[in-house]
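The values are calculated or read from the model by the stated rules, or taken from the named source; none is laboratory data. These numbers were taken from a predicted model, which means no experiment stands behind them. All Cβ positions, glycine included, derive from the backbone under ideal geometry; neighbour counts span all protein chains shown. SASA here: full protein model, heavy atoms, side chains in, ligands and nucleic acids out. Shrake-Rupley method; radii C 1.70, N 1.55, O 1.52, S 1.80 Å.
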Amino acid sequence: MTATAPAPSPGTKADDERLVKTSPLRKLMGRPELGSVVGAIAVFLFFAIFADSFVRAASLSTVLYASSTIGIMAVPVALLMIGGEFDLSAGVMVTSSALISSMLSYQLTANVWVGVLVSLVVTLGIGVFNGVMLTRTDPPSFIITLGTFLMLTGMNLGFTKLISRTVSTKSIADMQGFSSAKDVFASTITIGGVDFKITILWWLALVVVATWILLRTRVGNWIYAVGGGEMAARAVGVPVNKTKIGLYMGVAFGAWVSGQHLLFSFDVVQSGEGVGNELIYIIAAVIGGCLITGGYGSAVGAAVGALIFGMVSKGIVFAEWNPDWFKFFLGVMLLLATLLNHWVRKRAEVTK
């Protein structure tokens, strides 16, 4: 009579799926940013063929600068979307941050760094306001941040006209501290004879920090858990309210950086700027693989989404096409990216 080996009992190594080796291809298929990377390569090759000047070093520097101005905001917006929320006030918050720095410095005739630091505190306070309103009341983030958007839009225009008597701020280029602040937020770095804006470094730094938070910290687990299901996250002890407030503060910090770049690049700020940019940040995050429903996405994907946006916006110019078609191309990209990301997720689920 032949003896047979006993079947492994549940919970042993043979039955533990965590110990099953995952192939590199399967890991790659499960990455949220895969679809956006494929799309970025396709967009680059497209404009490299149809616009000869697109692949020049100076042109790529221009593309990276355009991408960075979107990416600085797209990264924290992506983290917020992974956490399952939106911020429709992100665009005008950038302008609010710049206006606070400019008008406070000018009115107090103080070192511009005073205005910059006060602007940081106030802008973070706006983020806290959005987060607290969301966690303490019933309306969804769409409604709450829409209200903040309208309030900031009105305050930007109202206070600017009240203080400056015009719709723009006064120049602070000759004030103490302006040069050093410009070095931090709006300087140009020359590498190999090509000029690169410092916003590219700010953008890359935010991507690195956000990726580290998502993949290497407990906070990253909280963000994914909150976006995947708030009730389930609360049940396992995730501090949902603190996590959401922190995410809104992250968006506010990105708005502060972008606002200071806006101010120190042009010396003055138009009070009506920023309206509509919140949709661009959301589009970049969605193109990068973030789900509208939350719980899925990455900072790298949002950065690639911003890169695609920059390539299209400048590629049309380099190809000498009518820029009126830009929004059409943006809409096509959004739809194609959404379909591609959906296909990638389905393939990843099948291969598990």
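Couple of notes before you dig in:
- Principal semi-axes in Å for the chain [√(5λ), Cα gyration tensor, largest first]: 40, 27, 18
- For the stretch 54-345, with +1 on Lys and Arg beta carbons and -1 on Asp and Glu, the positive-most of Gly71, Val236, Gly177 along the dipole: Val236
- Counted charge near Tyr248, where neighbours are those whose Cβ lies closer than 9 Å (Asp, Glu -1; Lys, Arg +1): -1
- Measuring only protein heavy atoms, the 1.4 Å probe finds Met333 accessible over about 30 Å².
- For the stretch 202-352, the solvent-accessible area works out to 48 Å² per residue, with a probe of 1.4 Å and every protein chain left in place.
- Positive end of the dipole of the chain (Cβ unit charges, origin at the Cα centre): among Gly301, Leu124, Tyr281, the Cα lying farthest that way belongs to Gly301.
- Measuring with a 1.4 angstrom probe and ignoring ligands and nucleic acids, Ser105 comes out at about 0 Å² accessible.
- The value given for the stretch 133-179 is a Kirkwood hydrodynamic radius of 13.3 Å, derived from the mean inverse Cα-Cα separation.
- Packing here is the average count of other Cβ atoms within 10 Å per residue, and on that basis the peptides 148-155, 127-134, highest first, run 127-134, 148-155.
- Taking a point 7 Å from the Cα of Val209 along the Cα-to-Cβ direction, the residues of the stretch 52-66 with backbone N closer than 20 Å to it are 65.
- Cα-based shape type of the stretch 121-207, given that a ≥ b ≥ c are square roots of the gyration tensor eigenvalues and the cut on a/c is 1.5: oblate
- The stretch 37-88 - convex hull of the alpha-carbon atoms, volume per residue in Å³: 94
- Label separation (His342 vs Leu45): 2.4 nm, computed from points 7 Å beyond Cα along the C-beta direction.
- Label-to-label distance, Thr135 versus Asp324, with points set 7 angstrom from Cα along the beta-carbon direction: 4.9 nm.
- Under 5 Å from the amide H of Ser298 lie the amide H atoms of Cys290, each residue being 5 or more positions distant or on a separate chain, with H modelled from the backbone and absent for Pro and chain starts.
- In the complete set of protein chains, residue-level accessible area for Lys244 is approximately 10 Å², probe 1.4 angstrom.
- Summarising the label geometry, the points placed 7 Å from Cα in the beta-carbon direction at Leu335 and Ala232 lie 3.3 nm from one another.
- Each Lys or Arg adds one and each Asp or Glu takes one away; over the other residues whose Cβ falls under 15 Å from the Cβ of Thr145, this sums to -2.
- Net +/- balance of residues flanking Ser187 in space, Cβ distance below 12 Å, scoring K and R +1, D and E -1: 0
- Which of Val257, Val236 is most accessible, then next, and so on - probe 1.4 Å: Val236, Val257
- The dipole here belongs to the stretch 54-345: it is taken about the Cα centre, uses +1 on the Cβ of Lys and Arg and -1 on the Cβ of Asp and Glu, and is about 400 debye.
- Mean Cα-pair separation over length for the stretch 54-345, i.e. relative contact order, pairs under 8 Å, 6 or more apart, %: 36
- A full extension of the chain between Ile163 and Asp195 corresponds to an added length of 7.9 nm, given 0.36 nm per residue minus the alpha carbon distance.
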